[in-house]
Amino acid sequence: QVQLVESGGGLVQPGDSLRLSCAASRSLFSLHVMGWYRQAPGKERELVASMSTGSTNYADFVRGRFTISRDNAKNTISLQMNGLKSDDTAVYYCNARINGWSSPFWGRGTQVTVSS
């Protein structure tokens with residue numbers, strides 16, 4: 001129903017910043033909820049940030065460092081990550097929910113590695 005493609009991951013030093021992007025194959029207006037999750041090796045996938053109409057939600061571990069945003073003209077959502085820490089190392093996945101669908105749609109992920 002929707003294709004999601006993440007980009008922007010990479011290898012950075014602690015304290016650096018990255019901006020992840022997720023391009024959707026359809027208008028963001030047709031998506032009920034969009035967000036970012038991450039999964040580190042040996043750990044469960046966890047919510048990083050999400051947004052729906054008129055609201056945003058952030059995981060506690062973001063600690064004010066990350067910001068989720070959208071560009072409706074480009075059908076893209078972004079995750080600005082500042083002050084990256086080694087604990088942020090994970091594969092970051094874009095996801096979207098559509099009304100009437102029981103399961104979300106996922107991108108393939110983009111690797112973020114924070115290492116000194």
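The values are calculated or read from the model by the stated rules, or taken from the named source; none is laboratory data. In this text, all values refer to a predicted model and were calculated from it rather than measured experimentally. Glycine also receives a Cβ, built like all others from the backbone with ideal geometry; neighbour counts cover every protein chain displayed. Surface accessibility is based on the protein's heavy atoms, side chains included, excluding ligands, DNA and RNA. Shrake-Rupley method; radii C 1.70, N 1.55, O 1.52, S 1.80 Å.
Structural remarks
- For the stretch 73-105 versus the stretch 1-32, the inter-centroid distance based on Cα atoms is 6 Å.
- Gain on full extension, evaluated as 0.36 nm per residue between Val33 and Asp60 minus their Cα-Cα distance, stands at 7.8 nm.
- Solvent-accessible area per residue in the chain equals 54 Å², computed with a 1.4 angstrom probe and all protein chains kept.
- Normalised contact order of the stretch 6-116, rounded percent, pairs of Cα under 8 Å and 6 or more residues apart: 37
- What a 1.4 Å probe finds exposed on the chain is 46% carbon and sulfur by accessible area, rounded to a whole percent.
- For a label point 7 Å along the Cα-to-beta-carbon line of Leu47, residues of the stretch 72-116 with backbone N under 14 Å: 95-97, 104
- Annotation: for a label point projected 7 angstrom from Cα along Cα→Cβ of Lys74, residues of the stretch 1-23 with backbone N closer than 14 Å are 5-9, 19-23.
- Once backbone amide H atoms are built at 1.01 Å from N, Thr89 has Val114 as its partners under 5 Å, excluding neighbours fewer than 5 places away on the same chain.
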